[in-house]
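The values are calculated or read from the model by the stated rules, or taken from the named source; none is laboratory data. As the structure is a prediction and not an experimental result, all values here were calculated from the model. All Cβ positions, even for glycine, are placed from backbone atoms using ideal geometry, and neighbour counts span all protein chains on display.
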Amino acid sequence: MDIKANTSSLLKILPGHVRLVAVSKTKSIAEIKASYEAGQRIFGENKIQEMASKWEALPKDISWHMIGHVQRNKVKYMAPFVDLIHGVESLKLLEEIQKQALKNNRVQHCLIQIRIAEEESKFGLPPDQLNAVLEAAESMSHVEVIGLMGMATFTEDQAQISSEFKSLNSLFEASKKNWPKLTTLSMGMSGDYPLAIQCGSNMIRVGSKIFGERNY
(Lines give C-alpha, C1' and ligand atoms only; values in the text may rest on other atoms or scores of the structure.)
Protein backbone atom coordinates (compact mmCIF):
# COMPACT_ATOMS: atom_id res chain seq x y z
CA MET A 1 0.00 0.00 0.00
CA ASP A 2 1.62 3.26 -1.09
CA ILE A 3 0.23 5.61 1.54
CA LYS A 4 2.17 8.60 0.22
CA ALA A 5 0.89 8.15 -3.34
CA ASN A 6 -2.68 7.50 -2.17
CA THR A 7 -2.68 10.66 -0.05
CA SER A 8 -1.15 12.74 -2.78
CA SER A 9 -3.60 11.63 -5.48
CA LEU A 10 -6.61 12.15 -3.19
CA LEU A 11 -5.46 15.66 -2.23
CA LYS A 12 -5.06 16.48 -5.94
CA ILE A 13 -8.55 15.40 -7.01
CA LEU A 14 -10.50 16.97 -4.14
CA PRO A 15 -12.23 20.31 -4.86
CA GLY A 16 -10.46 23.24 -3.15
CA HIS A 17 -13.27 23.84 -0.64
CA VAL A 18 -13.24 20.24 0.67
CA ARG A 19 -11.02 19.37 3.63
CA LEU A 20 -9.70 15.83 3.99
CA VAL A 21 -9.57 14.11 7.38
CA ALA A 22 -7.28 11.08 7.08
CA VAL A 23 -8.73 8.42 9.37
CA SER A 24 -5.62 7.07 11.07
CA LYS A 25 -7.17 4.95 13.84
CA THR A 26 -5.20 1.71 14.40
CA LYS A 27 -2.47 2.98 12.05
CA SER A 28 1.17 3.27 13.11
CA ILE A 29 3.28 6.40 13.56
CA ALA A 30 5.23 5.42 10.41
CA GLU A 31 2.03 5.11 8.36
CA ILE A 32 0.77 8.50 9.54
CA LYS A 33 4.19 10.03 8.76
CA ALA A 34 3.96 8.71 5.18
CA SER A 35 0.64 10.53 4.69
CA TYR A 36 2.03 13.63 6.43
CA GLU A 37 4.99 13.67 4.03
CA ALA A 38 2.51 13.76 1.12
CA GLY A 39 1.03 16.96 2.53
CA GLN A 40 -1.79 15.71 4.76
CA ARG A 41 -2.22 17.68 8.00
CA ILE A 42 -5.58 16.59 9.46
CA PHE A 43 -5.85 13.16 11.08
CA GLY A 44 -8.90 11.58 12.72
CA GLU A 45 -8.90 9.10 15.57
CA ASN A 46 -11.69 7.42 17.52
CA LYS A 47 -9.83 6.33 20.68
CA ILE A 48 -8.63 9.14 22.92
CA GLN A 49 -5.62 7.35 24.48
CA GLU A 50 -4.35 6.24 21.07
CA MET A 51 -4.77 9.77 19.71
CA ALA A 52 -2.96 11.29 22.72
CA SER A 53 0.07 9.03 22.29
CA LYS A 54 0.24 9.85 18.55
CA TRP A 55 -0.08 13.57 19.34
CA GLU A 56 2.95 13.25 21.63
CA ALA A 57 5.02 11.47 18.97
CA LEU A 58 4.16 13.35 15.78
CA PRO A 59 4.78 16.88 14.39
CA LYS A 60 2.89 19.62 16.18
CA ASP A 61 1.42 21.17 13.02
CA ILE A 62 -0.93 18.18 12.74
CA SER A 63 -4.58 18.98 13.44
CA TRP A 64 -6.16 16.13 15.43
CA HIS A 65 -9.87 15.42 15.07
CA MET A 66 -11.90 13.18 17.37
CA ILE A 67 -14.20 11.35 14.98
CA GLY A 68 -15.61 8.56 17.14
CA HIS A 69 -18.34 8.35 19.75
CA VAL A 70 -17.23 10.48 22.73
CA GLN A 71 -17.79 9.40 26.33
CA ARG A 72 -18.11 12.33 28.73
CA ASN A 73 -15.57 10.90 31.20
CA LYS A 74 -12.89 10.83 28.48
CA VAL A 75 -13.18 14.47 27.34
CA LYS A 76 -10.55 15.66 29.84
CA TYR A 77 -7.85 13.56 28.15
CA MET A 78 -8.17 15.27 24.77
CA ALA A 79 -9.15 18.76 25.95
CA PRO A 80 -5.55 20.09 25.86
CA PHE A 81 -4.92 19.43 22.17
CA VAL A 82 -7.77 18.17 19.97
CA ASP A 83 -8.79 20.67 17.27
CA LEU A 84 -12.24 19.43 16.34
CA ILE A 85 -14.70 17.02 17.96
CA HIS A 86 -16.96 15.58 15.26
CA GLY A 87 -19.46 13.55 17.23
CA VAL A 88 -21.23 15.86 19.70
CA GLU A 89 -24.72 14.42 20.02
CA SER A 90 -26.06 15.78 23.30
CA LEU A 91 -26.18 18.93 25.38
CA LYS A 92 -24.66 17.04 28.34
CA LEU A 93 -21.58 16.20 26.26
CA LEU A 94 -21.30 19.82 25.10
CA GLU A 95 -21.44 21.00 28.74
CA GLU A 96 -18.59 18.63 29.66
CA ILE A 97 -16.54 19.88 26.69
CA GLN A 98 -17.13 23.46 27.89
CA LYS A 99 -15.98 22.53 31.41
CA GLN A 100 -12.75 20.87 30.21
CA ALA A 101 -11.97 23.56 27.61
CA LEU A 102 -12.33 26.20 30.33
CA LYS A 103 -9.81 24.31 32.50
CA ASN A 104 -7.38 24.25 29.56
CA ASN A 105 -8.01 27.90 28.68
CA ARG A 106 -8.89 27.22 25.05
CA VAL A 107 -11.93 27.36 22.80
CA GLN A 108 -12.98 23.91 21.63
CA HIS A 109 -14.40 23.63 18.12
CA CYS A 110 -17.19 21.07 17.72
CA LEU A 111 -19.55 19.61 15.14
CA ILE A 112 -23.02 18.48 16.14
CA GLN A 113 -23.66 14.94 14.92
CA ILE A 114 -27.14 14.65 13.44
CA ARG A 115 -28.78 11.27 13.09
CA ILE A 116 -29.63 10.82 9.41
CA ALA A 117 -29.28 7.03 9.01
CA GLU A 118 -32.02 4.48 9.56
CA GLU A 119 -29.68 2.08 11.40
CA GLU A 120 -30.20 1.75 15.14
CA SER A 121 -26.44 1.54 15.68
CA LYS A 122 -25.78 5.07 14.41
CA PHE A 123 -25.44 7.85 16.99
CA GLY A 124 -26.67 11.38 16.57
CA LEU A 125 -28.98 14.16 17.72
CA PRO A 126 -32.51 14.12 16.26
CA PRO A 127 -32.74 17.06 13.79
CA ASP A 128 -35.63 18.69 15.68
CA GLN A 129 -33.39 19.15 18.76
CA LEU A 130 -30.63 21.02 16.93
CA ASN A 131 -31.86 24.58 17.55
CA ALA A 132 -32.11 24.02 21.31
CA VAL A 133 -28.51 22.72 21.44
CA LEU A 134 -27.21 25.59 19.30
CA GLU A 135 -28.98 28.10 21.55
CA ALA A 136 -27.40 26.54 24.63
CA ALA A 137 -23.98 26.55 22.95
CA GLU A 138 -24.25 30.32 22.37
CA SER A 139 -23.82 30.93 26.10
CA MET A 140 -20.75 28.67 26.41
CA SER A 141 -17.56 30.73 26.56
CA HIS A 142 -15.14 27.96 25.57
CA VAL A 143 -17.12 26.01 22.98
CA GLU A 144 -17.70 26.98 19.38
CA VAL A 145 -20.01 24.88 17.24
CA ILE A 146 -18.72 25.31 13.68
CA GLY A 147 -20.86 22.83 11.78
CA LEU A 148 -22.75 19.57 11.48
CA MET A 149 -21.74 15.96 10.88
CA GLY A 150 -23.70 12.93 9.76
CA MET A 151 -23.16 9.33 8.69
CA ALA A 152 -25.36 7.72 6.06
CA THR A 153 -26.85 4.24 6.34
CA PHE A 154 -24.40 1.47 5.42
CA THR A 155 -26.12 0.30 2.24
CA GLU A 156 -25.51 -0.18 -1.49
CA ASP A 157 -28.62 1.91 -2.20
CA GLN A 158 -27.14 5.13 -3.62
CA ALA A 159 -30.55 6.82 -3.74
CA GLN A 160 -31.01 6.30 0.00
CA ILE A 161 -27.51 7.57 0.82
CA SER A 162 -28.05 10.60 -1.41
CA SER A 163 -31.39 11.33 0.23
CA GLU A 164 -29.82 11.19 3.73
CA PHE A 165 -26.94 13.46 2.72
CA LYS A 166 -29.33 15.93 1.08
CA SER A 167 -31.53 16.04 4.19
CA LEU A 168 -28.49 16.96 6.31
CA ASN A 169 -27.37 19.58 3.79
CA SER A 170 -30.87 21.15 3.89
CA LEU A 171 -30.73 21.30 7.70
CA PHE A 172 -27.22 22.80 7.51
CA GLU A 173 -28.27 25.49 4.99
CA ALA A 174 -31.40 26.36 6.99
CA SER A 175 -29.46 26.53 10.28
CA LYS A 176 -26.77 28.81 8.82
CA LYS A 177 -29.34 31.58 8.46
CA ASN A 178 -29.60 31.87 12.26
CA TRP A 179 -26.15 30.54 13.15
CA PRO A 180 -23.62 32.00 10.66
CA LYS A 181 -20.70 30.34 12.50
CA LEU A 182 -21.82 27.02 10.97
CA THR A 183 -19.35 26.65 8.11
CA THR A 184 -18.42 22.94 8.15
CA LEU A 185 -20.56 20.09 6.86
CA SER A 186 -18.79 16.79 7.51
CA MET A 187 -20.29 13.93 5.49
CA GLY A 188 -18.76 11.14 3.46
CA MET A 189 -16.22 8.37 4.01
CA SER A 190 -14.08 6.12 1.77
CA GLY A 191 -17.10 4.47 0.16
CA ASP A 192 -19.39 7.44 -0.38
CA TYR A 193 -17.35 10.66 -0.29
CA PRO A 194 -17.85 11.60 -4.00
CA LEU A 195 -21.62 11.47 -3.48
CA ALA A 196 -21.30 13.39 -0.18
CA ILE A 197 -19.37 16.18 -1.93
CA GLN A 198 -22.07 16.37 -4.63
CA CYS A 199 -24.62 16.73 -1.82
CA GLY A 200 -22.80 19.66 -0.19
CA SER A 201 -20.13 18.16 2.09
CA ASN A 202 -16.99 20.24 2.62
CA MET A 203 -15.20 17.82 4.97
CA ILE A 204 -14.71 14.09 4.33
CA ARG A 205 -13.28 11.32 6.51
CA VAL A 206 -11.23 8.82 4.52
CA GLY A 207 -9.28 5.86 5.92
CA SER A 208 -9.02 2.76 3.72
CA LYS A 209 -8.52 4.75 0.48
CA ILE A 210 -5.32 6.13 2.06
CA PHE A 211 -4.07 3.47 4.47
CA GLY A 212 -5.64 0.28 3.12
CA GLU A 213 -8.06 -1.89 5.08
CA ARG A 214 -8.02 -1.45 8.82
CA ASN A 215 -6.19 -3.86 11.14
CA TYR A 216 -8.43 -5.01 13.98
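A single member of Glu56, Glu138, Glu119, Glu96 is of a type outside the set (Val, Ile, Thr) and closer than 20 Å to Tyr193 by Cβ, and it is Glu119. Looking only at segment 149-172, decide whether some residue is of a type outside the set (A, V, I, L, M), in a loop (DSSP other than H, G, I, E, B), touching an Asp or Glu at 6+ places or on another chain (Cβ under 6 Å) and within 27 Å of Phe211 (Cα to Cα). Yes: one or more hits.
No other residue among Leu130, Leu94 is modelled with pLDDT of 95 or more and within 17 Å of Met66 (Cα to Cα) apart from Leu94. Taking the criterion of being part of a helix (DSSP H, G or I) and of a type in the set (Gly, Ala, Ser), the residues of segment 179-215 that qualify are Ala196, Ser208.
For segment 90-111, a residue qualifies if it is assigned to a helix (DSSP H, G or I) and more than 20 Å from Ser53 (Cα to Cα), and the qualifying residues are Leu91, Lys92, Leu93, Leu94, Glu95, Glu96, Ile97, Gln98, Lys99, Leu102, Lys103.
From the list Ser28, Ser9, Ser53, the lone residue that is among the polar types (S, T, N, Q) and either within 27 Å of Gly200 (Cα to Cα) or touching a Ser or Thr at 6+ places or on another chain (Cβ under 6 Å) (or both) is Ser9. Per the listing Glu120, Glu135, Glu156, the residue uniquely modelled with pLDDT of 95 or more, surrounded by fewer than 15 Cβ atoms within 10 Å (Cβ to Cβ), charged (D, E, K, R) and more than 17 Å from Val21 (Cβ to Cβ) is Glu135. Considering only residues in segment 174-216 that are aromatic (Phe, Trp, Tyr) and within 19 Å of Lys25 (Cα to Cα), the one that is modelled with the lowest pLDDT turns out to be Tyr216.
Among the strands (runs of 3 or more DSSP E) confined to segment 1-89, the ones with at least 2 residues that are without any contact (Cβ under 8 Å) to a residue 24 or more places away in the chain and crowded, with 17+ Cβ neighbours inside 10 Å are located at 42-45, 63-66.
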